[in-house]
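The values are calculated or read from the model by the stated rules, or taken from the named source; none is laboratory data. Everything quoted here is computed from the prediction, not taken from an experiment. Don't worry about glycine lacking a Cβ; one is built from the backbone with ideal geometry, like all the others, and counts go over all protein chains shown.
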Amino acid sequence: MLFDIDLKAYKLVDLSLEVVPNQTTEGRPFEVKEGRLGDGTLKYDIVNTHTHVGTHIESPVHFYFKGKTCTDYPLDHFMGKATLLKTDIEECAPRVTLDFVKRQLEPRRGSFEVLFVRNDTPRNPLIFDMDCVPYFAELGLKLFIFDCTINFGQGLEDGKTFHDLLLSRDCLLVEFPANGQALDRDMFYLFAMPLKIKGIDSSGCRLFAVVER
């Protein structure tokens, strides 16, 4: 029997960053040139970009230079029950602490397999204490999604530790989401579908959530 999603009870929330060809920021190019197919119809040649432009999923090979890529995971690895980690810390708080994180996530532990970490402050960057990262790694997540204005720890070595602890557990990283403020429920169902391109470290994806109205 074919199932259906009652769009009167649920809404679809697009969480993908829109990439505008030939107008992307420095270091994140997406340059195209108009062309024609053999039958005269329109095509665009992508002349300059890379695998970390727009909303994208990073696989273990990105960090380790070997191992799994997105095509080595089943489709259900890119979807699942998700929860939102809000970061509305007090203005005087220097960073997001593990206690702050646990107060939100421990009551929901075991009920989600995807985590969306949203920056609810004007800070750029918003910094998480590094002891949050081993905690995230122990949650058994499929996907870890976080705003590009968030740093886990400070400096290059902390960034390496963050990647290592999560990717070594097959928790794939989704970077550069958008429209996170549209998530108005703590729990929702999330999809992050990559392109099926073999052998690359990261893939652009369409990120969206099914959220109860």
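Within the range 1-44, track down each residue that is among the small types (Gly, Ala, Ser), closer than 30 Å to Glu212 by Cβ and within 24 Å of the chain's Cα centre (by Cα). First the steps, then the outcome.
Residues of the range 1-44 among the small types (Gly, Ala, Ser): 9, 16, 27, 35, 38, 40.
Next, from what is left, pick out any that are closer than 30 Å to Glu212 by Cβ: 9, 16.
Of everything in the range 1-44, just one residue is among the small types (Gly, Ala, Ser), closer than 30 Å to Glu212 by Cβ and within 24 Å of the chain's Cα centre (by Cα), namely Ser16.
Against the definition (surrounded by fewer than 18 Cβ atoms within 10 Å (Cβ to Cβ), over 19 Å from Asn151 (Cβ atoms) and in contact (Cβ under 8 Å) with a residue 60 or more places away in the chain), how does Lys68 come out, yes or no?
Numbers: surrounded by fewer than 18 Cβ atoms within 10 Å (Cβ to Cβ): yes; over 19 Å from Asn151 (Cβ atoms): yes; in contact (Cβ under 8 Å) with a residue 60 or more places away in the chain: yes.
Judged against the criteria, Lys68 is a match.
Restricting attention to the range 33-78, and to residues there that are of a type in the set (A, V, I, L, M) and part of a helix (DSSP H, G or I), which single residue is nearest to Ala192 (Cα to Cα)?
Start the filter on the range 33-78 by keeping residues that are of a type in the set (A, V, I, L, M), which leaves 37, 42, 46-47, 53, 57, 61, 75.
Among the residues that remain, those that are also part of a helix (DSSP H, G or I) are: 61, 75.
On the way: Val61: 18, Leu75: 10 Å.
Here the residue is Leu75.
Is it the case, given these coordinates, that Asp76 is charged (D, E, K, R) and farther than 23 Å from Asp184 by Cα?
On the way: charged (D, E, K, R): yes; farther than 23 Å from Asp184 by Cα: yes.
So Asp76 passes the test.
Among the numbered conditions (1) surrounded by fewer than 17 Cβ atoms within 10 Å (Cβ to Cβ); (2) within 28 Å of Pro125 (Cβ to Cβ); (3) at pLDDT 95 or above, tell me where Thr87 comes up short.
All conditions pass for Thr87, except number (1).
Do you know which of the residues in the range 10-45 that are surrounded by fewer than 11 Cβ atoms within 10 Å (Cβ to Cβ) and among the β-branched types (Val, Ile, Thr) is farthest from Ala82 (Cα to Cα)?
My answer is Thr41.
Identify all residues within the range 107-118 that are surrounded by 16 or more Cβ atoms within 10 Å (Cβ to Cβ) and part of a loop (DSSP other than H, G, I, E, B); write none if there are none.
Phe112, Glu113, Arg118
Of the conditions (1) in a loop (DSSP other than H, G, I, E, B); (2) of a type in the set (Lys, Arg); (3) under 30 Å from Asp186 (Cβ atoms), Arg28 clears all except one; give me its number.
(3)
With (1) surrounded by fewer than 17 Cβ atoms within 10 Å (Cβ to Cβ); (2) of a type in the set (D, E, K, R); (3) within 28 Å of Gly159 (Cβ to Cβ) as the list, and Glu58 as the residue in question, which single condition is left unmet?
It is condition (1) that Glu58 fails.
For the structure I just gave you, tell me whether Gln104 is touching a strand residue (DSSP E or B) at 6+ places or on another chain (Cβ under 7 Å), modelled with pLDDT under 95 and surrounded by fewer than 16 Cβ atoms within 10 Å (Cβ to Cβ). Even if it seems obvious, please write down each step before you answer.
Working: touching a strand residue (DSSP E or B) at 6+ places or on another chain (Cβ under 7 Å): yes; modelled with pLDDT under 95: no; surrounded by fewer than 16 Cβ atoms within 10 Å (Cβ to Cβ): yes.
No, not satisfied.
Do we have Leu141 as buried (at least 18 other Cβ atoms within 10 Å of the Cβ), farther than 19 Å from His50 by Cβ and at pLDDT 95 or above here? Spell out the reasoning first.
On the way: buried (at least 18 other Cβ atoms within 10 Å of the Cβ): yes; farther than 19 Å from His50 by Cβ: yes; at pLDDT 95 or above: yes.
In short, yes.
State all residues of the range 124-143 that are in contact with a helix residue (DSSP H, G or I) (Cβ under 6 Å, 6 or more places away or on another chain) and either of a type in the set (Lys, Arg) or closer than 22 Å to Gly27 by Cβ (or both); if no residue qualifies, say none.
Within the range 124-143, just Lys142 meets the criteria.
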